[in-house]
Amino acid sequence: MLDAATLDSLAAAFAALGRLHREAPDETALRGFRDLIEDWPLAALEPEGKDSAAGPSNAGPSNAGPSNAGLPSAGLPNSGSSSAGPSNPGPSNPAPAGAAAVGEAGTADASTRTRWHGGTDAGRAATGAGMEQIRESARAGETPEEIRRDHDLLYGDTAAARVAPYESVHRGVDGLVFGEATLEVRAAYQALSLQVPKLNQEPDDHIGLEFDFMAQLTLQVIDALYGDDAARAEKLMTHGTDFLRDHLLAWAPQMLDLATQHAQTHFMKGVVLLSIGALDSYAELLDLPFERP
């Protein structure tokens, strides 16, 4: 049986990480994300082998709908929409309360969210290491400018990428963007009436967009559950399982492993490690193998 509280935690994590993979945080978003790290919605494994006690652990699910407000989110607007922020796909359903804007990171109270204690020990250890890197970033006083420069060098925002953030580069025979994988990912988005903000100008298979897609899909599942539409929820979860298995899990673990080696700031290392933990958590929920390099 699908659990809305667990799905809410996953949607919040994937939305936050999707945005941070796509663009470096400004000062407000950076401060907000650092403040929220102790309320990270996925459980961490401490070095001594115990779950992180920071933040909420078993607050019951709220009837107000998903609660990922305040965490950064990426940009997969509805097909035909000009909005840069996420919204709940579908022609008539209103956006759930959790679909919050990136610039408002840190403004929402995350204390009502259930922290999901799923995932493997290795995945929760990656989450714990990621949380510690974000804390170390704050202790070291890393600035938005330093993080933006690292993001640029890592993903090639304005220069050659140390680690290409596109699925088609890692999985295609010729290693180029806008390959077969890009079109497959686009079709998966369109099945949920979603499209990238700059269609045909940016590859659809950026890791940040793929993370955001999983967040958007998960919000749709929660919306269906609150609407007592179990059949739609199950159909959406099947779509999400297929996407996670056939796309993200087929290339992101290797790409993220490379990113941990090339990231220069604690912040970006933290984002990458948190992403490994999030993928592990969702894969474990769906009983999918998560193979690390």
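The values are calculated or read from the model by the stated rules, or taken from the named source; none is laboratory data. None of these values were measured; they are calculated from a predicted model. In this analysis, Cβ positions are derived from the backbone assuming ideal geometry, glycine residues included, and neighbour counts consider all displayed protein chains. Accessible surface is based on the protein model in full, side chains and every heavy atom, while ligands, DNA and RNA are left aside. Shrake-Rupley method; radii C 1.70, N 1.55, O 1.52, S 1.80 Å.
A few comments on the model shown:
- Per residue solvent-accessible surface (Å²) - the stretch 192-289, probe of 1.4 Å: 34
- Peptides 156-165, 5-14 ranked from most to least packed, by the mean per-residue count of other Cβ atoms within 10 Å: 5-14, 156-165.
- At R0 = 41 Å, FRET efficiency that the Cβ-Cβ distance of LEU288 and ASP157 yields, to 0.05: 0.85
- Largest-first principal axis extents, alpha carbons of the stretch 119-171, Å: 32, 32, 11
- For the stretch 165-293, the direction-averaged projected area of the alpha-carbon convex hull comes to 8.5 nm².
- Summary of packing: across the peptides 122-134, 178-190, the per-residue average of other C-beta atoms within 10 Å ranks them, highest first, as 122-134, 178-190.
- Accessible-area composition of the stretch 210-293, carbon plus sulfur, in percent [1.4 Å probe]: 47
- The packing ranking of peptides 248-256, 136-144, highest mean first, is 248-256, 136-144, where packing means the average number of other beta carbon atoms within 10 angstrom of each residue.
- Cβ-defined net charge surrounding ALA122, 12 Å radius [Lys, Arg +1; Asp, Glu -1]: -2
- In plain terms, the chain from THR28 to ASP229 could stretch by 68.6 nm, reckoned as 0.36 nm per residue minus the Cα-Cα distance.
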